[in-house]
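Reviewing the structure listed below.
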Amino acid sequence: MDEQLLKEQLQRKIDLKTKPHGALGQFEDLALQIGMIQQTLSPRISEPALLVFAADHGVTEEGVSLYPKEVTWQMVLNFVSGGAAINVFCRKNGIRLKVVDAGVDYDFPPGIPVIPAKIRYGSRNMRLEPAMTFAECEQAMLKGAELVRAEADLGCNTLGFGEMGIGNTSPSSLLMHCFTGLSVAECTGSGTGVQGEGLKRKIALLEEISLKYHPATPLETLATFGGLEIAMMVGAMLEAYRRRMILLIDGFIASAALLTACQFEPGIMQNCVFCHTSQEQGHEKLLRYLGAEPLLHMRMRLGEGTGAAAALPLVELAVAFLNEMASFEEAGVANKDTPDQIMS
């Protein structure tokens, strides 16, 4: 169907529901967006899933986090045992959760439900050398795309993105700095809770790293400053876009991955639902740069995909009202275009 014609028909369907024009606010925007993604007047949410990508970061050797890197693998084990916030949110909202080892510096016991996709045991310390080689970065992106194809084969058309990796706000801040032109200080927050002098040292370190390298392409920038879980998420997002999926974008790290994906495919923004505004100080600026209007403001900064899981019911409500709510004609209710009738 012609894109403009479909958009007009979707908007008319929304406007003729039994409500004042625009009264459902952002739900109306969502319904229109999802109909356009799926190219139909009757969209649906099918087999929603959430991928949590986990990896370690060499830059943690520089003290950018309050927590040791061992917390990454410990939290992965918490995910697979069902005890983390993301497990609770996914269970409550009927989301299929997959945990991916993109580059954790740990060997997980055989038989546990972690998808083995390890590229290497954590990224390199980017203060000393680029975080990844080009080959490693491309391999991570290809693996992310492969994982999305597997979800699509299971009928998934709505995919959330989460992450776990001690230190991963640092690469995210540098990617944001490179792609937006905002200063390192504007892009850098407390992460796991670094404050005061610790935050000043973190900013100074990231400024030093940013001046050390001069990447010329999106791939080079991602390989230099990114992380294995971020690179894998970028590849996954790009494949989800190619498959006309709804992309549920979580907090700061997921948004930095999406910003990176935009450098490869600007059209990906059309498929993105930004789920919440993180308390990580760079996130609001990043959302503003992207022109995104998040669904939730819950003072969260956990990651894991929790914001995406929390927002899915709102996406489902947008689809439900579009498909199930009566029109004025169906309900026998007068609207503003029929002045001979009176609405109560």
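Read-outs throughout are calculated quantities, based only on the coordinates presented, and are distinct from any laboratory measurement. Predicted, not measured: the structure shown is a model, and the values here were computed from it. A quick note on method: Cβ atoms are made from the backbone with ideal geometry, for glycine too, and the neighbour counts reach across all protein chains shown.
Some observations on this one:
- Relative contact order, percent, the range 63-199 [alpha-carbon distance under 8 Å, six or more residues apart]: 28
- A Stokes-Einstein calculation at 37 °C with viscosity 0.692 mPa s, built on the Kirkwood radius of the chain over Cα pairs, returns a diffusion coefficient of 158 µm²/s.
- Considering only the range 49-321, percent of DSSP beta bridges that pair antiparallel, nearest 5: 0
- Partner lysines for Lys98 [C-alpha distance under 26 Å; skip if fewer than 8 residues away on the same chain]: Lys69, Lys118, Lys143
- Across the range 236-300, Cα pairs under 8 Å and at least six residues apart give a relative contact order of 32 percent.
- Computed over the Cα atoms of the range 123-183, pair by distinct pair, the Kirkwood hydrodynamic radius stands at 14.1 angstrom.
- Along the range 17-25 the Karplus relation, 6.51 cos²θ - 1.76 cosθ + 1.60 evaluated at θ = phi - 60°, assigns HN-Hα couplings of 5, 6, 6, x, 4, x, 5, 8, x Hz to successive residues, with x for each Gly and Pro.
- The gain in end-to-end length when the Glu3 to Glu220 segment is fully stretched comes to 74.6 nm, 0.36 nm per residue minus the alpha carbon separation.
- Burial ranking of peptide ranges 274-284, 219-229 (average Cβ count within 10 Å, highest at the top): 219-229, 274-284
- A helix-only calculation puts the chain at -15500 deg cm²/dmol for mean residue ellipticity at 222 nm, using -39500 (n - 2.57) for each DSSP H run of at least four residues, averaged over all residues.
- Applying 1/(1 + (r/R0)^6) with r as the Cβ-Cβ distance of Lys285 and Arg243 and R0 = 25 angstrom yields a FRET efficiency of 0.25.
- Net +/- balance of residues flanking Leu286 in space, Cβ distance below 12 Å, scoring K and R +1, D and E -1: -1
- Projecting the Cα atoms of Val76, Leu222, Val148 onto the dipole axis of the chain, where Lys and Arg carry +1 and Asp and Glu carry -1 at the beta carbon, places Val76 farthest toward the positive end.
- Remark: the His21-Ala326 segment gains 108.4 nm on full extension, using 0.36 nm per residue and subtracting the alpha carbon distance.
- Residue (of Met126, Gly189, Leu322) at the positive-pole extreme of the chain, dipole from beta-carbon charges: Gly189
- Here the simple spin-label model places points 7 Å from the Cα toward Cβ, and for Arg127 and Glu61 these points are separated by 0.9 nm.
- A simple charge model with +1 on the Cβ of Lys and Arg, -1 on the Cβ of Asp and Glu and nothing else charged puts the dipole of the chain at about 340 debye relative to its Cα centre.
- Ignoring the sites themselves, the chain has its longest run without trypsin sites (Lys or Arg not before Pro) in a DSSP loop having at most 11 other Cβ atoms within 10 Å at 1-298.
- Spin-label pair Ala334-Ser81: with each label point 7 Å from Cα along the Cα-Cβ axis, the two points sit 6.5 nm from one another.
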